[in-house]
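J.: I am attaching a structure below and will ask some questions about it afterwards.
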Amino acid sequence: MIILAIESSCDDTSVAIMKNGEILSNVTATQLDHVMLGGVVPEVASRAHQQKIVYVVDKALSEAGVKKEALNAIGFTQGPGLMGSLIVGVSFAKSLALSLNIPIIAVHHLHAHILSHFIEAPRPGFPFLCLTVSGGHTMIVKVDSPSAMTVLGHTIDDAAGEAFDKCGKLLGLPYPAGPVIDKIAKDGKAIYNFTEPRIEGLNFSFSGLKTSFLYFLKKELKSNPNFIKENLNNLAASIQERIVSILLHKIEKAVHQYDIKEIAIAGGVSANSALRSQFKQKAAQEGWGLYIPKLEYCTDNAAMIAQAAYFKYKDGEFAQQNIAPSPRLAF
Ligand code: KG4
Ligand code: ZN
């Protein structure tokens, strides 16, 4: 049983091939135009998907050693994401499936981030709590099965990745700033203290942090125009420390509230090395089972779409040819 899966919700064109639940290839073309433009420009992203998708599909098939005639189903990201980007992946998936006379499987991008934990061992046991932290989303989800997931808390404004990216922009770092902050923070110390917001329950907020960071920088720059340059590593370490502590404290709260100690982290921000080490340390102290996928499966990738499609294939959950992309697809 061979699935070809396509991910095109934002700025990465990714295609994976999965055979009987095992990933044979996972090819991702990252769009570099956005680095220059300081963020993802939807129109640029959709055109780049169009330019790259045929090449990425061919490469994924050849790396896997699979001919397209051997495919049994096509999985694709239906949403949420950027409309123009989604249209490219959805249309391509539909036409390829039509030409091969095989079924299509629609996948929710965030379900796929969560199900990325099943691509490789060690896999979490049910129920588990999944912290999904990406550029567009921050949420804690209780996962009872591959198809039964409940959102326990979510961000009320910016996402964690967005906080990294926006604070990085204030420091003059290129987009996406998350990985750059991660790297330069290694040579810094978290000597600046930004207050942790008090948000009810298991919800998150990051926009206040960004604002206080902005005012702090403005104030310091008044007395020293070189403040950022001279303190870049410490500033990166400080902002990273606070974002990670917000995430860690909410997960601790969820663990106590739901008495679940299987903890999984998904989404692009789970690539962050401080987040990984602090969660590992806490897990060791508290006896949690902690699951973080390898880097390739943390950021946007089609392997996770293939995994989610594989679960749906086994349940016989196929989509119709008239299905449309859905930028705000409900969880
Ligand atoms: O899941 P993802 O690849 O795309 C979305 O669906 O949003 O996440 C991208 C986000 C960006 O905000 C990026 O800055 C952040 O993940 N990110 C990181 C790291 N690597 C990626 N943030 C902090 N540290 C990293 N190492
Ligand atoms: Zn994502």
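J.: Tally Lys/Arg at +1 and Asp/Glu at -1 over every other residue whose Cβ is under 15 Å from the Cβ of ASN301; what's the total?
T.: Counting the neighbours of ASN301, the net charge comes to -4.
J.: Continuing with this model, one more query. With unit charges on the beta carbon (Lys/Arg positive, Asp/Glu negative), name the residue among TYR175, SER25, TYR313 whose Cα is farthest towards the positive pole of the charge dipole of the chain.
T.: TYR175
J.: To continue, here is another question. Using packing as a proxy for protection, rank 56-65, 226-235 so that the peptide with the highest average count of other Cβ atoms within 10 Å comes first.
T.: The densest-packed peptide leads the list: 56-65, 226-235.
J.: Can you tell me the dipole magnitude for the range 108-166 around its Cα centre, using point charges on the Cβ only (Lys, Arg +1; Asp, Glu -1), in Debye to the nearest 20?
T.: 200
J.: Sort 8-18, 263-273, 88-98, 187-197 by packing, meaning the average of other beta carbons within 10 Å per residue, with the highest value first.
T.: Highest to lowest by the protection proxy: 8-18, 263-273, 88-98, 187-197.
J.: Taking only Cα atoms and a 10 Å spring cutoff, compute GNM fluctuations for the chain and point out the largest among ASP315, ASP144, ASP165.
T.: Of ASP315, ASP144, ASP165, the Gaussian network model singles out ASP315 as fluctuating most.
J.: Moving to a separate point now. So if I place +1 on the C-beta of Lys and Arg and -1 on the C-beta of Asp and Glu, and nothing else carries charge, what would the dipole magnitude of the range 222-275 be about its Cα centre? I want it in debye, nearest 20.
T.: Here the range 222-275 has a charge dipole of around 220 debye.
J.: As I understand it, the dipole of the chain uses +1 on the Cβ of Lys and Arg and -1 on the Cβ of Asp and Glu, about the Cα centre. Which of CYS130, SER91, LEU214 lies farthest toward its positive end?
T.: LEU214
J.: Give a residue-ordered list of calculated ³J(HN,Hα) values for the range 169-177 (Karplus: 6.51 cos²θ - 1.76 cosθ + 1.60, θ = phi - 60°; whole Hz; x for Gly, Pro).
T.: 4, 5, 8, x, 8, x, 7, x, 7
J.: Oh, and also: So how strong a dipole does the range 9-60 carry about its Cα centre when Lys and Arg Cβ are +1 and Asp and Glu Cβ are -1, to the nearest 20 debye?
T.: It comes to approximately 140 debye.
J.: Report the local net charge at LYS250: Lys and Arg +1, Asp and Glu -1, summed over other residues whose C-beta lies under 14 Å from its C-beta.
T.: Neighbour charge sum, excluding LYS250 itself: +2.
J.: Quick one: accessible area per residue over the range 153-229, 1.4 Å probe, rounded to a whole number of Å²?
T.: Counting only protein heavy atoms, the per-residue value for the range 153-229 is 56 Å².
J.: Out of all Cα-Cα pairs in the range 215-331, roughly what percent, to the nearest whole number, are more than 21 Å apart?
T.: Of the Cα pairs, 60 percent sit more than 21 Å apart.
J.: Suppose we look only past 37 Å in the calculated P(r) of the chain. What percent of the Cα-Cα pairs does that tail hold?
T.: Value for the chain (Cα pairs over 37 Å): 18 percent.
J.: Leaving ligands, DNA and RNA out of it, rank MET1, MET83 by accessible area with a 1.4 Å probe, largest first.
T.: MET83, MET1
J.: Still on this structure, I have one more. Once the dipole of the chain is set up with Lys and Arg at +1 and Asp and Glu at -1 on Cβ about the Cα centre, which of ALA16, GLN278, ALA5 lies farthest towards its positive end?
T.: The residue sitting most towards the positive pole is GLN278.
J.: So what is the accessible area of the range 27-132 per residue, in Å², with the probe set to 1.4 Å?
T.: Accessible surface, normalised per residue, equals 42 Å².
J.: Which whole-Hz couplings ³J(HN,Hα) result when phi for each residue of the range 320-325 is put into the Karplus expression 6.51 cos²θ - 1.76 cosθ + 1.60, θ = phi - 60°, listed in order with x for Gly and Pro?
T.: These are the phi-based 3J(HN,Hα) values: 8, 5, 8, 5, 10, x Hz.
J.: Right, next: For q = 0.18 Å⁻¹, what log10 I(q)/I(0) does the range 30-94 give under the Debye formula with an equal point scatterer on each alpha carbon and no solvent?
T.: Relative scattering, expressed as log10 I(q)/I(0), comes to -0.75.
J.: While we're here: In the chain, what percentage of the DSSP-assigned beta bridges are antiparallel, given to the nearest 5?
T.: In the chain, approximately 60 percent of DSSP beta bridges are antiparallel ones.
J.: Carbon-plus-sulfur fraction of the accessible area of the range 275-331, 1.4 Å probe, in percent?
T.: Answer for the range 275-331: carbon and sulfur cover 47 percent of the accessible area.
J.: Choose one answer from GLN321, GLN257, GLN31: the residue with the largest mean-square fluctuation in a GNM of the chain with alpha-carbon springs under 10 Å.
T.: Taking springs between Cα atoms under 10 Å, the residue moving most is GLN257.
The values are calculated or read from the model by the stated rules, or taken from the named source; none is laboratory data. Every value quoted in this text rests on a predicted model; they were computed, and no experiment measured them. Quick reminder, even Gly has a Cβ in these numbers, built from the backbone with ideal geometry, and neighbours come from all protein chains shown. Each accessible area value is taken on the protein alone, full model and side chains, heavy atoms only, with ligands, DNA and RNA left out. Shrake-Rupley method; radii C 1.70, N 1.55, O 1.52, S 1.80 Å.
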